[in-house]
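Engineer: Pasting in a structure now, in structure tokens, and then I'll have a few things to ask.
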């Protein structure tokens, strides 16, 4: 009898062979295996009982997270059925992500300017410290369309400040792309790079563009600890109230243009 772990390993290997990164896939497969063991299922089957237990709604869970779990076990079931195992494949389009209640907020030029000013005030005296990096990174996110993880993963070789262009590697679906940046943002990034090169010897010992003074990578914005976050008072001064992702907002009728570069 084939071990369930061997089945999931073969499934993950097949998915990666056709270009999927599946960074969290191995952990999901381990949790499915643990649930299989808990339910007493055979090693070479994926019964309906296991699938429904894995996809059951959990307290406080977002529907999008549940849909992600459905996709994980549906893909495994399709693979196992194709390989001749006894597997119940969950039908498609189960549940829905409630996207209708999300109204995107469009920042005004004034709000963006206030946000940038507050980020600048947090920078401190060292232009290469973690706080100081947040100001150009926020401008980069607002003006380039990069995700926070993509911005923080930029290598020095990916940043051409003379041409005003960034190379984004391993983006969504493991694809690469180029992103232009405004000359004023390029100037701010050059100021940081020069300060880091002269003031932090560790900066020259790795390939990352953004980094902490001790040489480690700069984490994406959501992972900032309290020392790098603006206080409630500072956030309030920007004029932009904090909002939950799914809340309904009154969006500004005109998108902010240009201010992301200054």
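Engineer: Looking at the range 146-177 only, could you name the residues that are in contact with a strand residue (DSSP E or B) (Cβ under 9 Å, 6 or more places away or on another chain), exposed (fewer than 13 other Cβ atoms within 10 Å of the Cβ) and farther than 23 Å from residue 22 by Cα?
Structural biologist: Correct list: 157, 163.
Engineer: Being assigned to a helix (DSSP H, G or I), out of contact with any strand residue (DSSP E or B) (no Cβ under 9 Å at 6 or more places or on another chain) and over 23 Å from residue 196 (Cα atoms) is the requirement here; does residue 112 meet it?
Structural biologist: Numbers: assigned to a helix (DSSP H, G or I): yes; out of contact with any strand residue (DSSP E or B) (no Cβ under 9 Å at 6 or more places or on another chain): yes; over 23 Å from residue 196 (Cα atoms): yes.
When the stated conditions are applied, residue 112 passes them.
Engineer: In addition: Need a quick list: helices (runs of 4 or more DSSP H) entirely within the range 130-217 having at least 1 residues that are farther than 29 Å from residue 111 by Cα, without any contact (Cβ under 8 Å) to a residue 12 or more places away in the chain and more than 19 Å from the chain's Cα centre (by Cα). Let's see the steps before the verdict.
Structural biologist: On the way: elements: 130-144, 148-152, 183-199.
Filter on the range 130-217 gives 183-199.
Engineer: What is the one condition in (1) loosely packed, with under 12 Cβ neighbours inside 10 Å; (2) on the phi < 0 side of the Ramachandran plot; (3) touching a helix residue (DSSP H, G or I) at 6+ places or on another chain (Cβ under 8 Å) that residue 19 does not satisfy?
Structural biologist: So residue 19 meets the others, but not (2).
Engineer: Going by the structure shown, is residue 153 more than 23 Å from residue 117 (Cα to Cα) and modelled with pLDDT of 90 or more?
Structural biologist: Values: more than 23 Å from residue 117 (Cα to Cα): yes; modelled with pLDDT of 90 or more: no.
Against the criterion (more than 23 Å from residue 117 (Cα to Cα) and modelled with pLDDT of 90 or more), residue 153 does not qualify.
The values are calculated or read from the model by the stated rules, or taken from the named source; none is laboratory data. Small disclaimer: the values here were computed from a predicted structure and weren't measured. Positions of Cβ are generated from backbone atoms using ideal geometry, with glycine treated the same way; all protein chains shown enter the neighbour counts.
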